[in-house]
Amino acid sequence: MFEISTKDLFLWIKDIKNKKQDIDNFYLLLDLIGGISKSDLFLLRINSNEKVCLKIDFHSLKKKWIEHNQHSKPIQYISKSSYWRNFKFELTTDVLIPRVETEQIVEIATDIIDPEDKNIIFADLGTGSGSIAIALVSENRSWKGLATDIDTNAIDIAKKNHKKISSGSKLNFYCGNWWEPLIHYAGMINLAISNPPYIPREVYEKLPSSVMDFEPKKALYGGEDGLYHIKQIISDAPKFLVKGGWLILENHFDQSKKIQNLLQENGFDSLKTINDMFGIGRFTIGRYK
Ligand SMILES: C[S@@+](CC[C@H](N)C(=O)[O-])C[C@H]1O[C@@H](n2cnc3c(N)ncnc32)[C@H](O)[C@@H]1O
């Protein structure tokens, strides 16, 4: 541990605010790298004579803040970690930083399934850091999860996160194209969830550098209209889902109607668009007839 005076820390915070730098990102850096949470800061304000114990030395922490400001590098990639729901995930630039709006997919999935139904097999297609699949098996201990990703490095990170967060739960990982590695589960999957790459070309090309320069293109880019991967996932779904099985997709703000049409053409009913916390039609769901 590295001690600094509370006064020095608060002077730094004041300087960041004066320079109109992003204070929320600073608090995230202080938490993820320095080991000081916002509630710790609140207590320090009350007991301002106390020393602050940081997990890294003050100079190195300052360097990391400069790295963030100069290159727009997300704090989560600098700290190699991110909070999501009530978990802390390990990250590298091989995986997307799990987004706050995606957290809701876990509730949607859990609410859709009859609580009496214990033998649920679910698939998380494009698992990235493993966030969705790990949250689901942690919160529904009788469920069995199958998580796929095209990227072997992503699978390695997801496996590590699973071991650290919820090692006793039933979750297997597979590397490959969407459903393909799950061929042994054809016709057996009760629920499939995917937050696939869905950003259309024009939008992708204008993404801020904090996203474009650091987050993996294969996690974001969905082809010309953003629907390239979604079409594949939907057209192969009938081979893998049980009759009555659900598909939950995250999508771009304007894709839901088109996705509902695709689902209908592929034998789904009970179609619904669900708004995210910002009021955007972010999730589209359907049930295989
Ligand atoms: C938007 S990210 C979602 C990551 C994670 N599920 C989340 O919500 O944070 C999409 C993921 O799909 C993976 N992916 C892209 N193309 C794929 C494919 N053809 N088959 C399987 N996974 C793919 C990417 O590597 C990436 O991890």
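Worth a mention:
- If you check ILE259, ILE230 for being in contact with a Ser or Thr (Cβ under 7 Å, 6 or more places away or on another chain) and either more than 22 Å from VAL106 (Cα to Cα) or of a type in the set (Val, Ile, Thr) (or both), only one passes: ILE259.
- Across the range 162-221, the number of residues qualifying as within 9 Å of the ligand (Cβ to nearest atom), among the small types (Gly, Ala, Ser) and under 17 Å from the mean Cα position of the chain (by Cα) comes to 2.
- Summed over the range 104-159, the residues that are assigned to a loop (DSSP other than H, G, I, E, B), on the phi < 0 side of the Ramachandran plot and within 11 Å of the ligand (Cβ to nearest atom) give a count of 4.
- Any hit, the range 98-112, residues being more than 22 Å from HIS252 (Cβ to Cβ), touching a strand residue (DSSP E or B) at 6+ places or on another chain (Cβ under 7 Å) and not aliphatic (A, V, I, L, M): no
- Residue in the range 232-241 that is more than 14 Å from the ligand (Cβ to nearest atom) and surrounded by 16 or more Cβ atoms within 10 Å (Cβ to Cβ) present: yes
- Some residue of the range 264-275 being under 25 Å from ASP114 (Cβ atoms) and among the small types (Gly, Ala, Ser): yes
- Subset of the range 110-125 [within 18 Å of the chain's Cα centre (by Cα) and surrounded by fewer than 24 Cβ atoms within 10 Å (Cβ to Cβ)]: THR110
- Evaluation of SER48 against (1) of a type in the set (Ser, Thr, Tyr); (2) in a helix (DSSP H, G or I); (3) modelled with pLDDT under 95 (one fails), failing number: (2)
The values are calculated or read from the model by the stated rules, or taken from the named source; none is laboratory data. Quick caveat: nothing in here was measured; it's all calculated off a predicted structure. Don't worry about glycine lacking a Cβ; one is built from the backbone with ideal geometry, like all the others, and counts go over all protein chains shown.
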